[in-house]
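Notes for the one structure printed next.
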Amino acid sequence: MELLSFLADGILLSLQPLNLALIIIGVTVGLFIGAMPGLGAVNGVAILLPITFLVPPGSAIIFLSAIYYGAMYGGAISSVTLGIPGASTAVATTFDGRPLALKGRASLALVTAALASFVGGTVATVLLTLFTPILATTALSFGPPEIFALMLLAFATFVGLGGDDIPKTIFSICLGLVLAAVGFDTISGEPRLVLFEIEGFMRGIGFIVLAIGVYGIGEMLWTMEQTRGEVTTTNPKMTAKGLISDSKEAARRGWRGTMIGSAIGFFVGILPAAGATPGSLMSYGVAKMLSKKPEEYGNGSVDGVSAPESANNSASTGAMLPMLTLGIPGSPTTAILLGGMVIWGLVPGPRLFIEETEFVWGLIGSFYISNIVAVVINLACIPLFVWMLRMPFTILAPLIFVLSIIGGYAASRSIHDLWLIVVFGIAAFVMRKFDYPLAPAVLAIVLGPIAEPTLRQSLLLSSGDPMIFFTRPIAGPITVIAIILILLPALKYLRRKRSVA
Amino acid sequence: MRQGEISLVGVLALFSMYLMWKSTELSVGYISGQGPGGGFWPFWLALGMLLSCLASAWKWWRAKSPFSQSDEPFLDSFGWRTLLHVGGSVVVFVALISVVSMYGAVAIFLFYYLRFLGRHSWFLTLTMSLLLPAGLFFFFEGVMLISMPQGMSFTQPVFDLLYDIIY
């Protein structure tokens, strides 16, 4: 019960005028930054960090976390309206958010994203409140083999879902993983896969380059060619009544995805190596797997939007756990938050909860408030975002191209990467014409930098014995499930042949 | 489409073999005491890519995939025109960034697209081509403190003026 009184104090602290104002400003700024392709929470947090020296440390971290939250909500906006994931955390939202928008249900997609994000964030905050000490120990017991097994599971959910062309899906995943390996080999420090000896590749290929190329340029070319340039989106008038009916529909059709996403997102988020991105992608895969209508996914399923959106908010909250309790940042954004805390003289770790109770609980209390403020502002701005879609396609298209290129440069600061965006865009267009799924490649390029080091570390731990993935108590079951999922299409195929014979 | 699919599979297979070869620059096997070598991960993955290409080629040969049964052209004339005009304009856009600065390239790209591809009025074209780069400048350079390429030296006076405004 002491816990609840700490929490109550924390919530009251975050409702103080200065803190509340900072939450509102932070969430709004985060929303707009997250909505911009190429910019993410990390940009907002990094730029605004110096401003926080003007306020007490407790208020400062509340402000930065509010930006972080706002950006998580914001990422969905460009995914749905422009079809370009605002950040890696919003990639899975494009799979079903964009088709919904093209069918004229953009406001439903955005409302679903907002509500799912709210539920995901709240669930995670509650879990964080209740289970912080226990979770810290669990998170520590996840070593490289466990994390690699988890990555294998993530890929397996994409392969084993059936329906898509399996060789082409596998090609896509392997391509993404190899592209992730370009640059410097982190373990030996030597340059690797410097394609065609072009020096620009030494910096590696960033996720955002592939994502903007595929979803910005490639997607636009595809849409234009498919619709013969006549893209019309029917837009119902945005009224308060429309918003309410959309909310009801979102709740009715999206609750399963929201539950799955909140649970998986939080769990993945608390692991030091993984965060909102793998969390949202895995939630999508699992939600599709558990769904009674998997064929709807990719064509505008409401669960397909609610699962990744609730997961990415849930995971971002979860990612605070290793940062606060272990001092291990789970993502670039939490790394900056950690840096800020250190500058302000706050040392993360178990002692933080004892020595700086007011700070920690003020922060956790602010998550609840940020969540509420974020969903209100998000919902209020939805008419604005939908209005953007009413622009004629011949104006929207060049805007998207411009935002893709300028956003791409903002993220990578390299002309070489801009050329890569164009190349990926054209290649994505061609591959898509022949039904090569590109989402697995995007998933792979994000998870590759986590999967490869953990594989190598695991093999090093076991001196080359691959059985380590099966013999460890946590890694074992995860690996087995992953392998079953990968083999599922082959088993289905054999069963079909046998029944025909 | 039939020829298109097998051509694409061929190109991707060649690319996979290139990647396999490139991976061997670092050790591909297991180095005792250090774990798998640097080339291990990409090599076996590139092999996976090659095997998937072979599987796709096999499917094409057995005429199982929808594309191998289709006689339609890869792109009709509208498609080629789209690829050329739109894709081409994006390529030129990126090429111009190093010459006339990011904002200059945005202006020229918007002008070309809105006027010639979108057939919009001069008023709309000119307004957007001038206002949007200006807006982006103030957002990226002024607010986010992210500087964009300035192109060649002749753009310097313009930037000096703009920097004077924001700082």
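Rule-based calculations on the coordinates, nothing more; no lab input. What you see is a predicted model, and the numbers here were worked out from it, not measured in a lab. Here Cβ is always computed from backbone atoms with ideal geometry, including for glycine, and neighbour counts include all displayed protein chains.
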Bin width 10 Å, alpha-carbon pairs only: give the P(r) of segment A:55-210 as whole percents, running from 0 to the bin holding the largest distance. 9, 21, 33, 28, 9, 0
With runs of 4+ DSSP H residues as the only contributors, calculate the mean residue ellipticity of the protein assembly as shown at 222 nm using -39,500 (n - 2.57) per run, divided by the residue total and rounded to the nearest 500. -23500 deg cm²/dmol
Partner chain coverage, peptide A:392-404 - average Cβ within 10 angstrom: 5
Could you pull the Cα extents of segment B:2-69 along its three principal axes, largest to smallest, in whole Å? 52, 16, 11
Would you kindly compute the Cα radius of gyration of chain B and its largest Cα-Cα separation (Dmax), both in Å? 24.5, 70
Relative contact order (%) - criterion: Cα under 8 Å, at least six apart; region: chain A: 28 percent
Can you list residues whose amide H is under 5 Å from residue B:151's amide H, if they're 5+ apart or on another chain and H is modeled 1.01 Å from N? B:101, B:102
How are the C-alpha pair distances of segment B:77-166 spread across 10 Å bins, as whole percents from the shortest bin up? 16, 42, 30, 9, 2
With θ set to phi - 60° and the Karplus curve 6.51 cos²θ - 1.76 cosθ + 1.60, what are the ³J(HN,Hα) couplings of segment A:353-362 in order, to the nearest whole Hz, using x for Gly and Pro? 5, 8, 7, 10, 3, 4, 4, 4, 6, x
Burial-style ranking of A:209-222, B:44-57, A:109-122, average other-beta-carbon count within 10 Å with highest first, yields A:109-122, A:209-222, B:44-57
Give the lysines reachable from residue A:492 as a straight Cα distance under 18 Å; neighbours fewer than 8 places away on the same chain don't count. A:168, A:288, A:292, A:293, B:59, B:64
For segment A:212-220, 3J(HN,Hα) per residue [Karplus equation, 6.51 cos²θ - 1.76 cosθ + 1.60, θ = phi - 60°, Hz, x = Gly/Pro]: 5, x, 6, 8, x, 6, x, 4, 5
Whole-Hz Karplus ³J(HN,Hα) for segment A:187-201, in order, using 6.51 cos²θ - 1.76 cosθ + 1.60 and θ = phi - 60°, x for Gly and Pro? 8, 9, x, 9, x, 9, 6, 7, 4, 6, 6, 7, 4, x, 6
Cα pair distances in chain A, grouped into 10 Å bins until the bin that holds the longest one, percent each: 4, 20, 31, 27, 14, 3, 0, 0
Per residue of B:99-111, how many C-beta atoms from partner chains lie within 10 Å of its own C-beta, taken as a mean? 2
